[in-house]
Amino acid sequence: LIALAGSIQLASAEPQWPAVEQVISNLNDRDDGESVTRDMVLTLTDRQGHSRVERTRAFRRYDGDTKQTVIFYTEPANISGTAFLTWDYPEAERDDDQWLYLPALRRVRRISASDRGDHFLGTDFTYEEIKKESKIEAGDYRFALLGEEQVDGHHTWVVEAIPRSEEVADALGYGKVVMRVDSEIWMPRLWEFWDVAGNFLKTVHNRRIEQVDGVWSALEVVAENHKTGHSTRLEFLGTDYSAPVPERLFQTNALRRGY
């Protein structure tokens, strides 16, 4: 009886794995503020070590459950005035709206939902990743909980995500994604991506995560493409969740005017 009691205590002391659906739900339901303004500094580095620095001003707000994001490029001069706008709808069956303004062409171009796996303006992030901000479209994947790991000194759940169909895989550009989700703040600290042919493609590392105005925020994100040797370092500066964000910024005609 004593031995049995001891084994019961041991069993109850073992950590219980959550359901993978709960991990994904916690990740996507994580508070990211009703609105935010911030500067983004992008450092693009090629295989030879040559770097290029780009600067933007970014705004995001929620209109009901629709997440609206707009990014205005300010430096360098040859891309200043470029702007990107996205409306991310909560309905899984509804395609999100995305627009890109290129000053050289002097027109706003709608980005098709099928282009969401394309690289975002020469970076190592896709349009989908810029839009989702460390969240994931649950309807695109089948998930499995693989285990637990320490990342940067924090406990994480290791989650595998496989696209639900070949069409989704082709649209996203990935055949498999593995992410390490912090079990306390429910933000992925590290992502690994494989291409549709099964080759290891890239990693995305949330290197610096801090609380800003009570909201857990990734302030430094590094994406590395292991095929090309290219990397993108994204820094968020002056993040402010309390500053007013005008509704007018999230209309297509604002892309030409700027903020």
| query | If you place +1 on the Cβ of every Lys and Arg, -1 on the Cβ of every Asp and Glu, and leave all else neutral, what size is the dipole of region 60-104 about its Cα centre, to the nearest 20 Debye? | reply | 280 debye
| request: Please list Ile162, Ile111 in order of solvent-accessible area, largest first, computed with a 1.4 Å probe with all protein chains present. | output: Ile162, Ile111
| note | 1/(1 + (r/R0)^6) with r = Cβ-Cβ of Ser80 and His154, R0 = 41 Å, i.e. FRET efficiency to nearest 0.05, evaluates to 0.60
| remark: With the 8 Å Cα cutoff and a minimum separation of six or more residues, the chain has a relative contact order in percent of 20 percent
| message | What FRET efficiency comes out for Arg164 versus Asp46 if R0 is 35 angstrom and r is the Cβ-Cβ distance? Round to the nearest 0.05. | response | 0.55
| message | Given the whole protein assembly as supplied and a 1.4 Å probe, what does the accessible area of Glu93 come to in Å², nearest 10? | response | 150 Å²
| said: For a 18 Å ceiling on Cα separation, which of these pairs sit above it: Lys132/Lys227; Lys135/Lys227; Lys176/Lys202; Lys131/Lys227; Lys67/Lys202? | reply: Lys132/Lys227; Lys135/Lys227; Lys131/Lys227; Lys67/Lys202
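Only four residue types carry charge here, +1 at the Cβ of Lys and Arg and -1 at the Cβ of Asp and Glu. Report the dipole size of region 103-229 about the Cα centre in Debye, rounded to the nearest 20.
Numbers: 17 positive and 23 negative charges, 117 e Å.
With Lys and Arg at +1 and Asp and Glu at -1, about 560 debye.
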| message | Testing the spin-label approximation: label points 7 Å from Cα along Cα→Cβ at Thr228 and Ser114. State their distance in nm. | response | 2.2 nm
| query | With every protein chain kept in the model, how would you rank Glu184, Glu91 by accessible area, 1.4 Å probe, largest at the top? | reply | Glu184, Glu91
| field | Taking the C-alpha atoms of the chain, convex hull volume expressed per residue in Å³ | value | 158 Å³
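What's the extension gain from Arg256 to Ala243 if we count 0.36 nm per residue and subtract their Cα-Cα distance? Numbers along the way, then the final one.
On the way: separation 13, 0.36 × 13 = 4.68 nm, distance 2.27 nm.
Full extension of this stretch gives 2.4 nm more.
With charges only on Cβ, +1 for K and R and -1 for D and E, what is the dipole size of the chain about its Cα centre, in debye, rounded to 20?
Values: 31 positive and 44 negative charges, 228 e Å.
My answer is approximately 1100 debye.
What is region 89-154 by shape, rounded, prolate or oblate, if you read a ≥ b ≥ c off the alpha carbon gyration tensor as root eigenvalues and call it rounded for a/c under 1.5, prolate for a/b larger than b/c, and oblate otherwise?
Values: a/c = 3.38, a/b = 1.75, b/c = 1.94.
Cα axes put region 89-154 in the oblate bin.
The values are calculated or read from the model by the stated rules, or taken from the named source; none is laboratory data. None of these values were measured; they are calculated from a predicted model. We place every Cβ from the backbone using ideal geometry, glycine too, and count neighbours over all the protein chains shown. SASA here: full protein model, heavy atoms, side chains in, ligands and nucleic acids out. Shrake-Rupley method; radii C 1.70, N 1.55, O 1.52, S 1.80 Å.
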